[in-house]
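The values are calculated or read from the model by the stated rules, or taken from the named source; none is laboratory data. The structure displayed is predicted, hence computed values, not measured ones. Every residue, glycine as well, gets a Cβ built from its backbone with ideal geometry; the counts of neighbours run over all protein chains shown. These area figures cover heavy atoms from the full protein model, side chains too; ligands, DNA and RNA do not enter into them. Shrake-Rupley method; radii C 1.70, N 1.55, O 1.52, S 1.80 Å.
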There are 2 protein chains.
Amino acid sequence: MNSKIEIIETGTVTSPDGFSAGAIYAGIKAKSKTGFDFGILYSKVPCNTAAVFTTNNIKAAPVQLSMERLKLGKAAAVVANSGCANACTGKQGMTDAKETTKAVAAHIGIAPEDVLVASTGVIGRMLPMDLIKASIPLIKLSTEGGHNFARAIMTTDTVIKEIAVRVTVGGNKFIIGGTAKGAGMIHPDMATMLCFLTTDAEVDIDFLRKALKQAVDISFNMISVDGDTSTNDTVILMGNGQSENDPITEDSKYAKVFQQALDKVCIYLAKQVAADGEGATKLIEVTVNGAPTVADARKIARTVVTSPLVKTAIYGNDPNWGRVMAAIGRSGVPVEENNLNLFFGNISVLKGGQPQNLNLEKASAALKKKEVPIEIQLNSGDASATAWGCDLTEEYIKINAEYTT
Amino acid sequence: MNSKIEIIETGTVTSPDGFSAGAIYAGIKAKSKTGFDFGILYSKVPCNTAAVFTTNNIKAAPVQLSMERLKLGKAAAVVANSGCANACTGKQGMTDAKETTKAVAAHIGIAPEDVLVASTGVIGRMLPMDLIKASIPLIKLSTEGGHNFARAIMTTDTVIKEIAVRVTVGGNKFIIGGTAKGAGMIHPDMATMLCFLTTDAEVDIDFLRKALKQAVDISFNMISVDGDTSTNDTVILMGNGQSENDPITEDSKYAKVFQQALDKVCIYLAKQVAADGEGATKLIEVTVNGAPTVADARKIARTVVTSPLVKTAIYGNDPNWGRVMAAIGRSGVPVEENNLNLFFGNISVLKGGQPQNLNLEKASAALKKKEVPIEIQLNSGDASATAWGCDLTEEYIKINAEYTT
């Protein structure tokens with residue numbers, strides 16, 4: 001079937017029909033580089049809503065509340081803040097999360113149960129509820145508001161992360177939009193950081209959940225900034241059906257292109273998160289080919305992209321590929337060293353387990369790029385996976401040694 | 001039974017009776033801060049010898065060769081070098097490892113099969129065999145040579161790591177000595193980095209193996225510098241029986257004190273390795289109490305001590321204890337948040353899952369120490385474990401961005 005997936009210029013979460021958003025500086029952070037720290041995303045009709053949350057055993061209050069509210073797969077709004085994670089905050093934390101959704105619901109004129117909540121920032125501190133309650137009535141929702149909503153969720157992110165794609169398939173058109181925040185404590189395991197996805201497609205809730213899980217598995221679950229998994233990771237996908245497309249189910253003819261478009265949006269945002277990791281100067285892309293299983297390929301790709309020694313070598317333009325080998329070896333996947341080919345920044349450094357003659361200067365020069373590819377050929381199967389990460393720099397240390405106090 | 005374990009001043013691997021050692025600068029490294037890069041450790045009589053090696057699936061040639069030779073539990077000498085790991089070096093790597101032991105055996109006058117070999121340094125480069133063969137005949141072995149042997153194995157280590165203890169028990173006396181190198185690629189899993197242990201006690205080989213495994217489990221397997229496991233990790237323990245003690249077996253009355261002394265030596269060296277991690281300014285000691293099982297306690301302690309965000313917070317004297325909670329949560333051990341107490345640098349920050357009122361300045365001041373303790377009370381059992389690590393600093397990045405080229 002003919003289909004087209006186009007990127008919409010300056011697209012965001014309010015690009016799909018029927019979505020609006022707004023944001024404000026509520027004072028949750030002492031200061032905000034973006035001018036915002038609190039935002040609301042809203043669909044004028046209730047949405048089929050799927051989500052993936054952190055697998056961290058310690059879950060923030062907003063994660064617990066949103067999980068509970070999503071059991072029936074319906075939501076109409078999300079409220080999100082940066083500056084305070086509302087995690088490890090005991091009973092008061094849950095009360096505060098509920099109070100926030102209640103005030104937002106009153107402001108919009110919907111039921112509190114239809115409002116999801118997400119928070120990011122320092123763990124172990126209470127939300128300043130007086131500031132939040134005073135700010136909510138001042139928030140104006142508009143179809144242009146997605147950009148400010150995206151700014152409101154940023155913490156140490158240096159760039160705004162948003163995208164929207166228009167899908168044309170058969171006689172149908174629909175849009176998928178998304179925004180994400182990342183920067184630190186990024187080592188997804190089922191879900192990562194905050195990400196909000198919207199679509200005006202009408203999508204069956206079962207398929208919506210399945211499609212989101214697949215997209216997250218090959219995007220957010222394949223990035224790492226520092227190996228730390230957050231207590232607040234949340235990815236939410238809302239579909240409001242406003243495009244009046246033929247409803248999409250798992251078996252319908254548009255399921256494939258919907259999945260493709262959703263994958264594209266998630267991979268775009270995931271790479272943005274990886275490239276904008278705290279202190280990062282480069283994006284590292286690790287591809288594993290020829291693995292016995294996809295699980296093996298994923299495990300190796302993730303282990304390599306998480307290795308501090310690989311990350312510092314890339315930062316220093318240092319073709320020290322032995323560190324990649326050490327990471328492959330500790331991934332837990334048995335590998336046959338004599339079958340292994342390794343390309344480090346596109347240069348062949350190991351073939352059939354034998355080190356190749358390496359021109360160190362040339363190899364170092366090949367690493368001086370904004371995007372550095374590493375390819376591992378195992379030659380023991382036909383499964384593949386790709387993971388993304390960033391280099392590790394002095395700036396990461398500075399940012400994280402001076403974060404709260 | 002009365003027993004005494006005393007630390008011997010300036011003790012080292014040649015403190016036990018019958019051991020000698022020597023070292024040289026062979027030119028494997030372009031330059032050596034310590035003046036040495038190649039060393040030999042030798043016992044005048046063959047030793048019952050136990051060892052623990054890396055669990056990395058990619059094992060360096062010297063690891064493979066030593067594993068093979070230790071099947072019968074006997075050895076008389078170890079040759080070790082820094083500057084080149086002889087890992088990922090294909091068939092030539094194994095040939096070079098064998099040639100090295102052959103030349104050492106000829107120099108000492110023993111069989112090559114009685115010589116073990118260990119290497120540390122850059123992965124993926126060949127040993128300069130001409131330099132090594134020319135150097136071996138020049139090495140002089142002496143009972144004072146342990147110090148230079150310890151210097152020969154250092155890479156980015158800033159301090160020499162060696163110790164010896166004298167054990168007096170019943171009418172018996174024996175000595176256990178040890179040296180280790182660490183610094184980077186330190187995240188033990190069964191074994192870590194290079195460590196050589198010697199004793200003049202006569203110890204049954206079965207008990208020697210068991211005792212070493214236990215000591216390594218609570219020492220080297222509980223430290224982390226950067227989460228990367230090396231291809232070359234090796235811990236070797238040689239017992240030559242020269243103290244003429246009553247032979248020690250698992251059931252003998254001296255087994256307990258031998259284990260205590262060995263634990264002490266291994267924990268001392270492991271803490272030295274953690275404190276001297278690349279770029280480290282502080283030693284972090286994470287103790288988990290009240291866990292359901294020792295395995296759970298170990299898992300949590302290791303996860304916390306490995307977290308880059310915990311490590312950077314400690315570096316910055318930042319009482320950002322939420323990062324410890326996030327690490328506990330992602331350790332894979334289910335925890336009951338409401339039972340949890342947390343002490344961060346000895347200050348109570350969380351009690352029964354409720355954040356405590358924290359004086360940030362006082363809390364920050366408490367972190368300005370060379371050794372920072374973190375205690376986690378789970379209150380869900382009676383198992384405990386302790387792990388050691390170091391802070392993560394700009395200097396780690398500098399060292400590793402500029403290591404090979």
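Taking only pairs six or more apart or across chains, which ones have beta-carbon atoms under 7 Å, a first residue in the stretch B:83-99 that is more than 24 Å from B:ALA111 (Cα to Cα) and within 13 Å of chain A (Cβ to nearest Cβ), and a second residue that is surrounded by fewer than 16 Cβ atoms within 10 Å (Cβ to Cβ) and not polar (S, T, N, Q)?
Taking only residues 6 or more apart or on different chains, the pairs are B:THR89/B:MET126.
What are the pairs, 6+ residues apart or on separate chains, where a residue within the stretch B:51-62 that is within 10 Å of another protein chain (Cβ to nearest Cβ) has its Cβ under 7 Å from a residue that is of a type in the set (Asp, Glu)?
B:THR54/B:ASP233; B:THR55/B:ASP189; B:ILE58/A:GLU337
Which condition breaks for A:PRO355 when tested against (1) closer than 27 Å to A:ALA270 by Cβ; (2) out of contact with any helix residue (DSSP H, G or I) (no Cβ under 6 Å at 6 or more places or on another chain)?
(1)
In the stretch A:63-82, which residue that is free of Cβ contacts under 8 Å to residues at least 24 places away in the same chain and hydrophobic (A, V, I, L, M, F, W, C) is nearest to the other protein chains (Cβ to nearest Cβ)? Walk me through it before giving the result.
Here is the first cut: in the stretch A:63-82, the residues free of Cβ contacts under 8 Å to residues at least 24 places away in the same chain are A:67-68, A:71-72.
Remaining after also requiring hydrophobic (A, V, I, L, M, F, W, C): A:67, A:72.
On the way: A:MET67: 15, A:LEU72: 26 Å.
Restricting to residues being free of Cβ contacts under 8 Å to residues at least 24 places away in the same chain and hydrophobic (A, V, I, L, M, F, W, C), the top hit is A:MET67.
Just to check your reading of the model, which residue among B:VAL159, B:VAL203, B:VAL115, B:VAL122 is modelled with pLDDT under 90, touching a strand residue (DSSP E or B) at 6+ places or on another chain (Cβ under 7 Å) and more than 15 Å from B:PRO16 (Cα to Cα)?
Details: B:VAL159 fails: touching a strand residue (DSSP E or B) at 6+ places or on another chain (Cβ under 7 Å); B:VAL203 fails: more than 15 Å from B:PRO16 (Cα to Cα); B:VAL115 fails: modelled with pLDDT under 90.
Sole residue among the options that is modelled with pLDDT under 90, touching a strand residue (DSSP E or B) at 6+ places or on another chain (Cβ under 7 Å) and more than 15 Å from B:PRO16 (Cα to Cα): B:VAL122.
Any idea which residue in the stretch A:101-121 is surrounded by the fewest Cβ atoms within 10 Å (Cβ to Cβ), counting only those that are within 25 Å of B:ALA326 (Cα to Cα) and touching a helix residue (DSSP H, G or I) at 6+ places or on another chain (Cβ under 6 Å)? Explain how you work it out, then say what you get.
In the first step, residues of the stretch A:101-121 are kept if they are within 25 Å of B:ALA326 (Cα to Cα); the result is A:101, A:116-121.
Narrowing further to those that are touching a helix residue (DSSP H, G or I) at 6+ places or on another chain (Cβ under 6 Å): A:101, A:116-119.
Numbers: A:THR101: 23, A:LEU116: 26, A:VAL117: 25, A:ALA118: 32, A:SER119: 31.
So, considering only residues that are within 25 Å of B:ALA326 (Cα to Cα) and touching a helix residue (DSSP H, G or I) at 6+ places or on another chain (Cβ under 6 Å), the one surrounded by the fewest Cβ atoms within 10 Å (Cβ to Cβ) is A:THR101.
Could you grab me the full set of residues in the stretch B:107-139 that are touching a Pro at 6+ places or on another chain (Cβ under 8 Å), in a helix (DSSP H, G or I) and of a type outside the set (D, E, K, R)?
B:HIS107
Among the residues of the stretch B:38-64, write down those that are surrounded by fewer than 24 Cβ atoms within 10 Å (Cβ to Cβ) and assigned to a helix (DSSP H, G or I).
Listed by number, the list holds a single entry, B:GLN64.
How about the stretch A:11-37: which of its residues are within 30 Å of A:SER252 (Cα to Cα), of a type outside the set (Gly, Ala, Ser) and in a loop (DSSP other than H, G, I, E, B)? Walk me through it before giving the result.
The initial filter retains those residues of the stretch A:11-37 that are within 30 Å of A:SER252 (Cα to Cα), namely A:11-20.
The next check asks that each one be of a type outside the set (Gly, Ala, Ser); those that pass are A:12-14, A:16-17, A:19.
Of everything in the stretch A:11-37, those that are within 30 Å of A:SER252 (Cα to Cα), of a type outside the set (Gly, Ala, Ser) and in a loop (DSSP other than H, G, I, E, B) turn out to be A:THR12, A:VAL13, A:THR14, A:PRO16, A:ASP17.
From the list B:VAL257, B:VAL235, B:VAL286, which one is closer than 26 Å to B:ILE5 by Cα, touching a Gly at 6+ places or on another chain (Cβ under 8 Å) and in contact (Cβ under 8 Å) with a residue 12 or more places away in the chain?
Values: B:VAL257 fails: touching a Gly at 6+ places or on another chain (Cβ under 8 Å); B:VAL235 fails: touching a Gly at 6+ places or on another chain (Cβ under 8 Å).
Within the list B:VAL257, B:VAL235, B:VAL286, the selection yields B:VAL286.
Of all residues being open to solvent by 20 Å² or more (accessible area, probe 1.4 Å) and of a type in the set (Val, Ile, Thr) in the stretch B:1-37, which is farthest from B:ILE123 (Cα to Cα)? Just the residue, please.
Only one residue tops the list, namely B:ILE5.
Yes or no: the stretch B:237-255 includes at least one residue that is closer than 23 Å to B:ALA85 by Cβ and at pLDDT 75 or above.
Residues of the stretch B:237-255 closer than 23 Å to B:ALA85 by Cβ: B:237-238.
Within this subset, residues satisfying the condition of being at pLDDT 75 or above are B:237-238.
The answer is yes, given that some residue of the stretch B:237-255 is closer than 23 Å to B:ALA85 by Cβ and at pLDDT 75 or above.
Just to be sure I understand, how many residues within the stretch B:278-307 are open to solvent by 50 Å² or more (accessible area, probe 1.4 Å) and of a type in the set (Val, Ile, Thr)?
Taking the stretch B:278-307 and keeping what is open to solvent by 50 Å² or more (accessible area, probe 1.4 Å), we get B:281, B:285, B:292-295, B:298-299.
Among the residues that remain, those that are also of a type in the set (Val, Ile, Thr) are: B:281, B:293-294.
Residues in the stretch B:278-307 being open to solvent by 50 Å² or more (accessible area, probe 1.4 Å) and of a type in the set (Val, Ile, Thr): 3 in total.
How many residues are within 20 Å of A:ALA50 (Cβ to Cβ) and part of a helix (DSSP H, G or I) if we restrict to the stretch A:71-96? Walk me through it before giving the result.
Our first condition is that a residue be within 20 Å of A:ALA50 (Cβ to Cβ); within the stretch A:71-96, this holds for A:71-80.
Now narrow it down to the ones that are part of a helix (DSSP H, G or I): A:71-72.
Residues in the stretch A:71-96 being within 20 Å of A:ALA50 (Cβ to Cβ) and part of a helix (DSSP H, G or I): 2 in total.
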